[in-house]
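**Student:** Have a look at the structure that comes next, please.
Rule-based calculations on the coordinates, nothing more; no lab input. Fair warning: this is a prediction, and the values are worked out from it, not measured in the lab. Every residue, glycine as well, gets a Cβ built from its backbone with ideal geometry; the counts of neighbours run over all protein chains shown.
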Amino acid sequence: MNIVNDNNTPQFPRFSLALPVRVESRVSESHVWHEITRLTDVSAFGAGFNLNRPVKRGRLLEMTLPLPRQLRCYDFAEPQYKIWGLVRSCITRENPSTEEHYAVGAAFIGKRPPQSFYGDPAKLFEISHKEEGSLWNIIDAPKRPDESGLPKDLRRHTRFSIPTDVIVEKIDADGNVTASEPTVTENLSLSGTAVFSMLVVEVGEFVRVKSEQYNVSIISIVRGRRIGQDGIPRLHVEFVDRLFPLEGIE
């Protein structure tokens, strides 16, 4: 796993240390998930590991791990090293079990996230530069970043104008379905979709997107609502617990 491997970013010595790591992701202000996994490799400036859920390039993660003292930049005497990382890649890996898993590469950014993260945990960031002897500095990611020079696996996911029949289910905190609607997608990507929908849901609420054609059911979070020029409302949702199986299209 290359921790950071776009064309303009220098590489650093990485070590194959299968250390346990707790990875936490804030999907919204009220929803957090975490997973215990193991590193595949690590350096003083980033780490690679596998997760059962996908995370979008540019998302921030909080990691807790027993990192060796010589690879730390602070908290040298603490048994557990807590550090924030910026997701630089998330690649689907084959898994002998029935569940998918994802190989993630993250660049360490420091002990705390940027202040803007607290108001919008879904915000995406990008590496700005790195000063000698310091961790990576980050800035807000542009709305439409130019990723033409990156390998496909490192790009944010392209949306395709694919009309696909789906069922959108509004779910409560316990996962119970409170409303359901058959509809069609306006566009679709591995990590999210826009769907025509009359469901009454707010930004930050959870829905389940189901497709019989692709034999998939995905927990998702509503990231936006808008009414098109045709007067029909759309929901913009981000897939949370897996990617959409569009490998044959990308």
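**Student:** Could you list which residues have their amide H under 5 Å from that of Leu124, counting only those 5 or more apart in sequence or on another chain, with H placed in the peptide plane?
**Tutor:** Hits under the 5 Å cutoff: Ala141.
**Student:** How do Trp136, Trp33 line up, fewest other C-beta atoms within 10 Å first?
**Tutor:** Trp33, Trp136
**Student:** Another question, then. What list of ³J(HN,Hα) couplings, whole Hz, do you get for segment 172-185 from phi and the Karplus terms 6.51, -1.76, 1.60, once you set θ to phi - 60° and write x for glycine and proline?
**Tutor:** Taking θ as phi minus 60°, the curve returns 8, 5, 8, x, 7, 7, 9, 6, 8, 8, x, 7, 9, 7 Hz for segment 172-185.
**Student:** Greater than 28 Å separation of Cα atoms is the criterion. Which listed pairs, Lys82/Lys170; Lys56/Lys82; Lys123/Lys210; Lys82/Lys210, meet it?
**Tutor:** Those over the limit are Lys82/Lys170; Lys82/Lys210.
**Student:** May I ask for the Kirkwood hydrodynamic radius of segment 165-239, worked out over all distinct Cα pairs and given in angstroms to one decimal?
**Tutor:** Evaluated on segment 165-239, it is 12.2 Å.
**Student:** Got a sec? How would Glu78, Glu169 order by Cβ neighbour count within 10 Å, fewest to most?
**Tutor:** So the residues, fewest neighbours to most, are Glu78, Glu169.
**Student:** A further question on this structure: In segment 165-239, if the dipole is taken from +1 on Lys/Arg beta carbons and -1 on Asp/Glu beta carbons about the Cα centre, which of Thr183, Tyr214, Gly224 is farthest to the positive end?
**Tutor:** Comparing the listed Cα positions along the dipole, Gly224 ranks first.
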